[in-house]
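Heads up, the thing below is written out as C-alpha coordinates.
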Amino acid sequence: MQQDFQQIIASPTDAYEEGRKLFMGKSLLNNALRRLATDLEAHGIDYSIIGAIALNQHGYRRFTEDIDVLLTKEGLQKFRDELIGLGYRPAFEGATKKFRTTDENVPVEIITTGEYPGDGLPKPVRFPDPQDNFVVIDSVKTIPLEKLIELKLASGMTAPDRLKDLADVQEMIKVKSLDASFAKKLDASVRDKFLELQKAVARVSSNTEIEGD
(Lines give C-alpha, C1' and ligand atoms only; values in the text may rest on other atoms or scores of the structure.)
Protein backbone atom coordinates (compact mmCIF):
# COMPACT_ATOMS: atom_id res chain seq x y z
CA MET A 1 0.00 0.00 0.00
CA GLN A 2 1.38 3.40 -1.03
CA GLN A 3 2.08 5.71 1.91
CA ASP A 4 0.68 9.24 1.98
CA PHE A 5 3.37 11.93 2.41
CA GLN A 6 0.94 14.37 4.05
CA GLN A 7 -0.01 11.83 6.69
CA ILE A 8 3.64 11.07 7.36
CA ILE A 9 4.69 14.68 7.97
CA ALA A 10 1.65 15.20 10.22
CA SER A 11 3.20 12.76 12.71
CA PRO A 12 6.37 13.94 14.55
CA THR A 13 7.71 10.39 14.76
CA ASP A 14 6.98 9.52 11.14
CA ALA A 15 8.24 12.92 9.95
CA TYR A 16 11.56 12.32 11.72
CA GLU A 17 11.91 8.94 10.05
CA GLU A 18 11.02 10.44 6.67
CA GLY A 19 13.69 13.09 7.19
CA ARG A 20 16.28 10.44 8.03
CA LYS A 21 15.36 8.55 4.87
CA LEU A 22 15.50 11.77 2.84
CA PHE A 23 19.15 12.24 3.69
CA MET A 24 19.81 8.62 2.72
CA GLY A 25 18.03 9.07 -0.60
CA LYS A 26 15.31 6.55 0.30
CA SER A 27 12.29 8.67 1.24
CA LEU A 28 8.96 9.18 -0.50
CA LEU A 29 10.17 12.62 -1.47
CA ASN A 30 13.30 11.14 -3.09
CA ASN A 31 11.12 8.74 -5.05
CA ALA A 32 8.86 11.55 -6.21
CA LEU A 33 11.87 13.66 -7.20
CA ARG A 34 13.41 10.91 -9.31
CA ARG A 35 10.13 10.19 -11.05
CA LEU A 36 9.48 13.89 -11.69
CA ALA A 37 12.92 14.24 -13.28
CA THR A 38 12.31 11.18 -15.43
CA ASP A 39 8.86 12.40 -16.51
CA LEU A 40 10.09 15.89 -17.40
CA GLU A 41 12.94 14.42 -19.43
CA ALA A 42 10.62 11.99 -21.21
CA HIS A 43 8.31 14.83 -22.23
CA GLY A 44 11.12 17.10 -23.37
CA ILE A 45 10.49 19.72 -20.68
CA ASP A 46 13.58 21.69 -19.62
CA TYR A 47 13.78 21.92 -15.83
CA SER A 48 16.05 22.67 -12.91
CA ILE A 49 15.39 21.73 -9.28
CA ILE A 50 15.54 24.71 -6.92
CA GLY A 51 14.69 25.47 -3.29
CA ALA A 52 15.40 23.19 -0.34
CA ILE A 53 15.78 20.08 -2.48
CA ALA A 54 18.54 21.89 -4.38
CA LEU A 55 20.23 22.65 -1.05
CA ASN A 56 20.19 18.93 -0.30
CA GLN A 57 21.50 18.15 -3.78
CA HIS A 58 24.45 20.46 -3.13
CA GLY A 59 25.22 18.92 0.27
CA TYR A 60 23.32 20.92 2.87
CA ARG A 61 20.99 18.45 4.57
CA ARG A 62 17.73 20.20 5.36
CA PHE A 63 14.27 18.68 5.64
CA THR A 64 11.60 19.98 3.31
CA GLU A 65 7.96 19.21 2.58
CA ASP A 66 7.83 19.88 -1.16
CA ILE A 67 9.72 19.89 -4.45
CA ASP A 68 10.38 23.24 -6.11
CA VAL A 69 11.13 23.07 -9.82
CA LEU A 70 12.04 25.79 -12.32
CA LEU A 71 10.36 25.64 -15.74
CA THR A 72 9.85 28.08 -18.58
CA LYS A 73 6.29 29.32 -19.13
CA GLU A 74 6.13 27.02 -22.14
CA GLY A 75 7.39 24.13 -20.00
CA LEU A 76 4.71 24.82 -17.39
CA GLN A 77 2.02 24.72 -20.07
CA LYS A 78 3.40 21.46 -21.42
CA PHE A 79 3.48 20.03 -17.89
CA ARG A 80 -0.21 20.90 -17.50
CA ASP A 81 -1.14 19.54 -20.91
CA GLU A 82 0.83 16.30 -20.80
CA LEU A 83 1.39 15.28 -17.18
CA ILE A 84 -1.72 16.28 -15.27
CA GLY A 85 -3.67 13.06 -14.85
CA LEU A 86 -0.54 11.00 -15.49
CA GLY A 87 1.07 10.99 -12.06
CA TYR A 88 0.27 14.59 -11.07
CA ARG A 89 -2.80 16.59 -10.12
CA PRO A 90 -3.56 20.20 -9.12
CA ALA A 91 -2.99 20.81 -5.41
CA PHE A 92 -6.41 22.43 -5.24
CA GLU A 93 -9.15 23.45 -7.63
CA GLY A 94 -7.91 26.20 -9.92
CA ALA A 95 -4.24 25.76 -8.99
CA THR A 96 -1.91 26.78 -11.84
CA LYS A 97 1.55 26.27 -10.32
CA LYS A 98 0.99 24.04 -7.29
CA PHE A 99 0.56 20.33 -7.85
CA ARG A 100 0.72 17.00 -6.00
CA THR A 101 2.12 13.66 -7.07
CA THR A 102 -0.70 11.17 -7.42
CA ASP A 103 1.10 8.25 -5.75
CA GLU A 104 2.80 9.84 -2.74
CA ASN A 105 0.80 13.10 -2.38
CA VAL A 106 4.05 15.09 -2.42
CA PRO A 107 3.63 18.83 -3.21
CA VAL A 108 5.33 20.07 -6.39
CA GLU A 109 5.56 23.84 -6.79
CA ILE A 110 6.60 25.32 -10.13
CA ILE A 111 8.43 28.63 -10.54
CA THR A 112 8.80 30.03 -14.04
CA THR A 113 11.66 31.76 -15.80
CA GLY A 114 11.63 35.52 -15.32
CA GLU A 115 9.90 35.58 -11.94
CA TYR A 116 11.58 37.56 -9.16
CA PRO A 117 12.59 35.91 -5.88
CA GLY A 118 11.57 37.17 -2.46
CA ASP A 119 9.01 39.95 -2.59
CA GLY A 120 8.29 39.29 -6.27
CA LEU A 121 9.18 42.84 -7.27
CA PRO A 122 11.57 43.65 -10.15
CA LYS A 123 15.23 43.36 -9.20
CA PRO A 124 18.55 42.46 -10.89
CA VAL A 125 18.20 38.81 -9.88
CA ARG A 126 15.43 36.72 -11.42
CA PHE A 127 14.80 33.04 -11.97
CA PRO A 128 16.81 31.99 -15.05
CA ASP A 129 16.07 29.73 -18.01
CA PRO A 130 16.48 26.11 -16.83
CA GLN A 131 17.82 25.07 -20.24
CA ASP A 132 21.07 26.92 -19.57
CA ASN A 133 21.19 26.76 -15.79
CA PHE A 134 21.61 23.29 -14.37
CA VAL A 135 24.14 20.76 -13.18
CA VAL A 136 23.33 17.06 -13.01
CA ILE A 137 23.52 15.65 -9.47
CA ASP A 138 22.48 12.04 -8.92
CA SER A 139 20.78 12.04 -12.34
CA VAL A 140 18.66 15.08 -11.47
CA LYS A 141 19.10 18.49 -13.13
CA THR A 142 19.73 20.93 -10.30
CA ILE A 143 20.31 24.66 -10.33
CA PRO A 144 24.06 25.50 -10.07
CA LEU A 145 25.34 26.46 -6.63
CA GLU A 146 26.10 30.07 -7.56
CA LYS A 147 22.60 30.60 -8.95
CA LEU A 148 21.01 28.92 -5.94
CA ILE A 149 22.89 31.19 -3.54
CA GLU A 150 22.17 34.25 -5.68
CA LEU A 151 18.44 33.55 -5.61
CA LYS A 152 18.45 32.79 -1.88
CA LEU A 153 20.24 36.07 -1.14
CA ALA A 154 17.91 38.13 -3.31
CA SER A 155 14.92 36.47 -1.64
CA GLY A 156 16.12 36.94 1.92
CA MET A 157 17.16 40.54 1.29
CA THR A 158 13.77 41.65 -0.02
CA ALA A 159 11.14 39.58 1.79
CA PRO A 160 10.89 39.91 5.61
CA ASP A 161 9.24 36.49 5.80
CA ARG A 162 12.11 34.84 3.90
CA LEU A 163 14.98 35.43 6.34
CA LYS A 164 15.52 31.67 6.43
CA ASP A 165 16.94 32.02 2.91
CA LEU A 166 19.84 34.01 4.37
CA ALA A 167 20.31 31.33 7.02
CA ASP A 168 20.39 28.74 4.22
CA VAL A 169 23.18 30.69 2.55
CA GLN A 170 25.16 30.78 5.79
CA GLU A 171 24.81 27.03 6.20
CA MET A 172 25.85 26.46 2.60
CA ILE A 173 28.91 28.64 3.15
CA LYS A 174 29.85 26.35 6.04
CA VAL A 175 29.12 23.11 4.19
CA LYS A 176 30.98 24.10 1.01
CA SER A 177 33.73 26.11 2.79
CA LEU A 178 33.04 29.07 0.50
CA ASP A 179 35.46 31.98 0.77
CA ALA A 180 35.13 35.63 -0.22
CA SER A 181 36.22 34.93 -3.80
CA PHE A 182 32.89 33.14 -4.42
CA ALA A 183 31.20 36.54 -4.39
CA LYS A 184 32.63 37.24 -7.86
CA LYS A 185 30.29 34.56 -9.26
CA LEU A 186 27.21 36.37 -7.95
CA ASP A 187 25.21 39.32 -9.23
CA ALA A 188 26.59 42.63 -7.95
CA SER A 189 23.32 43.35 -6.12
CA VAL A 190 23.84 40.49 -3.66
CA ARG A 191 27.63 40.40 -3.30
CA ASP A 192 27.84 42.62 -0.22
CA LYS A 193 25.28 40.49 1.62
CA PHE A 194 27.19 37.32 0.71
CA LEU A 195 30.44 38.83 1.99
CA GLU A 196 28.71 39.90 5.21
CA LEU A 197 27.45 36.36 5.81
CA GLN A 198 30.75 34.79 4.77
CA LYS A 199 32.70 37.01 7.18
CA ALA A 200 30.31 36.13 10.00
CA VAL A 201 30.82 32.42 9.37
CA ALA A 202 34.59 32.85 9.17
CA ARG A 203 34.65 34.89 12.40
CA VAL A 204 32.70 32.27 14.33
CA SER A 205 34.90 29.51 12.92
CA SER A 206 38.03 31.41 13.89
CA ASN A 207 36.78 32.03 17.45
CA THR A 208 35.88 28.34 17.81
CA GLU A 209 39.38 27.33 16.76
CA ILE A 210 40.94 29.74 19.26
CA GLU A 211 38.77 28.42 22.10
CA GLY A 212 39.75 24.89 21.21
CA ASP A 213 43.51 25.61 21.44
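The values are calculated or read from the model by the stated rules, or taken from the named source; none is laboratory data. Being a predicted model, the structure only gives us computed values, none of them experimental. Glycine gets a Cβ as well: all are built from the backbone with ideal geometry, and neighbour counts include every protein chain shown.
Structure summary
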quantity	calculated
Of all residues making up the stretch 37-51, the number that are over 12 Å from THR142 (Cβ atoms) and not charged (D, E, K, R)	6
Tally, over the stretch 41-75, of residues that are within 15 Å of VAL106 (Cβ to Cβ) and in a helix (DSSP H, G or I)	4
Among residues of the stretch 121-135, those that are in contact (Cβ under 8 Å) with a residue 12 or more places away in the chain and within 17 Å of the chain's Cα centre (by Cα), counted	9
Identity of the residue in the stretch 65-94, under 18 Å from ILE45 (Cβ atoms) and small (Gly, Ala, Ser), that ends up surrounded by the most Cβ atoms within 10 Å (Cβ to Cβ)	GLY75
Residues satisfying the stated conditions in the stretch 61-89, i.e. within 20 Å of the chain's Cα centre (by Cα) and at pLDDT 95 or above	ASP66, ILE67, ASP68, VAL69, LEU70, LEU71, THR72, LYS73, GLY75, LEU76, PHE79, TYR88
Strands (runs of 3 or more DSSP E) completely within the stretch 103-170 that count 2 or more residues being farther than 22 Å from LYS73 by Cβ	135-137
Single residue of the stretch 168-191 satisfying the filter (closer than 20 Å to PHE127 by Cα and of a type in the set (Asp, Glu)) that is surrounded by the most Cβ atoms within 10 Å (Cβ to Cβ)	ASP168
Residue check for VAL106: in contact with a strand residue (DSSP E or B) (Cβ under 8 Å, 6 or more places away or on another chain) and without any contact (Cβ under 8 Å) to a residue 12 or more places away in the chain	no
Residue tally, condition at negative phi and surrounded by fewer than 17 Cβ atoms within 10 Å (Cβ to Cβ), over the stretch 113-122	4
So ALA180, is it at pLDDT 95 or above, among the small types (Gly, Ala, Ser) and over 23 Å from ILE53 (Cα atoms)	yes
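Here's the yes/no breakdown for (1) touching a strand residue (DSSP E or B) at 6+ places or on another chain (Cβ under 7 Å); (2) within 22 Å of ASP129 (Cβ to Cβ):
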residue: GLN6; (1), (2): no, no
residue: THR38; (1), (2): no, yes
residue: ALA54; (1), (2): yes, yes
residue: GLN57; (1), (2): yes, yes
residue: LEU70; (1), (2): yes, yes
residue: GLU74; (1), (2): no, yes
residue: GLU93; (1), (2): no, no
